[in-house]
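> Got a structure here, written out as structure tokens. Questions coming.
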Amino acid sequence: MKINFKKTYKFAIKSALYISLFTTGFVLLLLNIFYKNQLKYQVGFGIIFIISVYIFSFLVLQYRVERFIYRRVKKIYDEVSLLESTTLINQPITTDMETLSREVKKFATDKKLEIEMLEIREQYRREFLGNVSHELKTPLFTVQGYVSTLLDGAMDDKTIRKKYLKRAEKGVERLIYIVEDLDMITKLESGDLDLNITEFNIVELLQNVFDLLEMKADKKKIKLAFESKNLQSLLVKGDKDRIQQVLENLIVNSIKYGREGGLTEVGVVNLTKKKVLIRISDNGEGVEKQNIPRLFERFYRVDKSGTRSEGGSGLGLAIVKHIIEAHKEKVYVESEFGIGSEFSFTLEKAQKPQKPEVK
């Protein structure tokens, strides 16, 4: 690779000037001592001498700098170019040491950040692959176990056959659930999932979600309620089906980790003239502070025991985050361990139609 080598003469110019001034001043001093009465000869001699010394010093210094310093600088750039740094390769090489130091320092800082990012991504990739394999392995082994038992002779017993086939079916359903959730997140991240933006009543939608999840909440004796009994209808803009999925995921999560006999409350707050805030809070077990930043990661579970008694794909909160961000809105979480959690997100209000003026 041919390198554009940009020379600088600043060092040689300044150094030659200092040498010339010093030597000329010293020689004039000697002339003044030994030839006091010949001032005009001293001036002429000084001018010729300083020009001669300056040119000679400049040439010698520049040659020596190029030979012993610029070559080493060039070698540094050659070695750096092996790392394919576009910030250094695609610009002229400077031999100014201050500029060089600044550029190399910037290059080192950028590379350090790049390496740190790659390490974070690699760690995330390992965790993600481990989590995916773990989530898929559980239902797969379940299905395999029941099918193998049936093939080993249990199929002849109608009661056992029916029971095992139903359990195997549940395992397959969970596999499908995980794959569908992964597919949805992939589409949301790539922008392939189109949102059907309409205006709808958020309070009415919340009531529908309550009705759907009432039986699930009753199993843990958890009460689903609105924060305000006098909650009025409120029109918002968004993809109704996706927002329903967000509400279902958050409320199911609240039931899953809520206390038996506890409470899950949903509130709708007028945040600004254009925004509304939907809050889902519970008095469940809560989340420790260090785990909160990772709650919306795929398959991330606060409980590391590996138990799957509550089921789920482990993608619920990740889907919530992606759907809300696809609406260009924000999702928030507040939690205190042992006290409870609150998840909330914003939505745009529907614009009220203006009343026609009465003439």
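The values are calculated or read from the model by the stated rules, or taken from the named source; none is laboratory data. The structure displayed is predicted, hence computed values, not measured ones. Glycine gets a Cβ as well: all are built from the backbone with ideal geometry, and neighbour counts include every protein chain shown. Calculation scope for accessible area: heavy atoms of the full protein, side chains included, ligands and nucleic acids excluded. Shrake-Rupley method; radii C 1.70, N 1.55, O 1.52, S 1.80 Å.
> May I ask you to compute the full-extension gain from Leu271 to Val172, defined as 0.36 nm times their residue separation minus their alpha-carbon distance, rounded to one decimal in nm?
Net length gain for the segment: 31.4 nm.
> Can you tell me the length gained on complete extension of the stretch Leu29 to Ala154, counting 0.36 nm per residue apart and subtracting the Cα distance?
Stretched out fully, the Leu29 to Ala154 stretch lengthens by 33.3 nm.
> Additional query: Between Lys10 and Arg121, how high is the FRET efficiency from 1/(1 + (r/R0)^6) when r is the Cβ-Cβ distance and R₀ = 51 Å? Nearest 0.05.
Efficiency computed from Cβ-Cβ geometry: 0.75.
> Please label the shape of the range 146-194 as rounded, prolate or oblate, based on the square roots a ≥ b ≥ c of the eigenvalues of the alpha-carbon gyration tensor (a/c under 1.5 means rounded; beyond that, a/b larger than b/c means prolate, else oblate).
Here the range 146-194 falls in the prolate category.
> Further question on the same structure: Considering only protein heavy atoms and a probe of 1.4 Å, how much of the accessible area of the range 116-190 is carbon and sulfur, as a whole percent? Please report the intermediate quantities before stating the final value.
On the way: 3120 of 5410 Å².
It is 58 percent, rounded to a whole number.
> Which pairs break 21 Å Cα to Cα here: Lys10/Lys111; Lys170/Lys240; Lys275/Lys328; Lys137/Lys162; Lys216/Lys330; Lys162/Lys216?
As for pairs spanning more than 21 Å Cα to Cα, those are Lys10/Lys111; Lys170/Lys240; Lys137/Lys162; Lys216/Lys330; Lys162/Lys216.
> Now for a separate question. When ligands, DNA and RNA are left out and all protein chains stay put, how many square angstrom of accessible area per residue does the range 116-190 have with a 1.4 Å probe?
72
> Give the relative contact order (percent, whole number) for the range 116-190; include only Cα pairs under 8 Å separated by 6+ residues. Write down the numbers at each step before the final one.
Details: 30 pairs, mean separation 23.7, N = 75.
Relative contact order for the range 116-190 comes out at 32 percent.
> Can you give me the distance in nm between label points at Glu227 and Glu204, each placed 7 Å from the Cα along the Cα-to-Cβ direction?
It works out to 2.3 nm between the two label points.
> Further, regarding this structure: Please give me the summed charge of the neighbours of Ile185: other residues whose Cβ is under 14 Å from its Cβ, Lys and Arg +1, Asp and Glu -1.
So the surrounding residues net to -4.
> Each residue of the range 186-202 in order: what ³J(HN,Hα) in whole Hz does its phi give by Karplus 6.51 cos²θ - 1.76 cosθ + 1.60, θ = phi - 60°, with x for Gly and Pro?
Result, rounded to whole Hz: 4, 5, 5, 5, 8, x, 7, 8, 7, 8, 9, 6, 9, 9, 8, 8, 5.
> Is the C-alpha gyration tensor of the range 109-194 telling us rounded, prolate or oblate? Criteria: a/c under 1.5 is rounded; beyond that, a/b larger than b/c is prolate, otherwise oblate. Numbers along the way, then the final one.
Details: a/c = 7.38, a/b = 2.48, b/c = 2.98.
Taking the square roots of the gyration eigenvalues as a ≥ b ≥ c, the range 109-194 is oblate.
> Under a plain spin-label model, where a point goes 7 Å from the Cα along Cα-to-Cβ, how far apart in nm are Arg161 and Glu336?
5.8
> Given axes a ≥ b ≥ c from the Cα gyration tensor, I'd like to know whether the range 198-348 is rounded (a/c under 1.5), prolate (a/b larger than b/c) or oblate.
It is prolate, given that a/c is not under 1.5 and a/b is the larger ratio.
> Report in % the part of the accessible area of the range 198-348 that belongs to carbon and sulfur, leaving out ligands and nucleic acids; probe 1.4 Å.
47
> A further question on this structure: Between Gln351 and Gln144, what's the calculated FRET efficiency when r is the beta-carbon distance and R0 is 51 Å? Round to 0.05.
Numbers: r = 55 Å, r/R0 = 1.07.
Calculated transfer efficiency: 0.40.
> If we sort 239-252, 13-26 on the protection proxy, mean other Cβ atoms within 10 Å, highest first, what's the order?
239-252, 13-26
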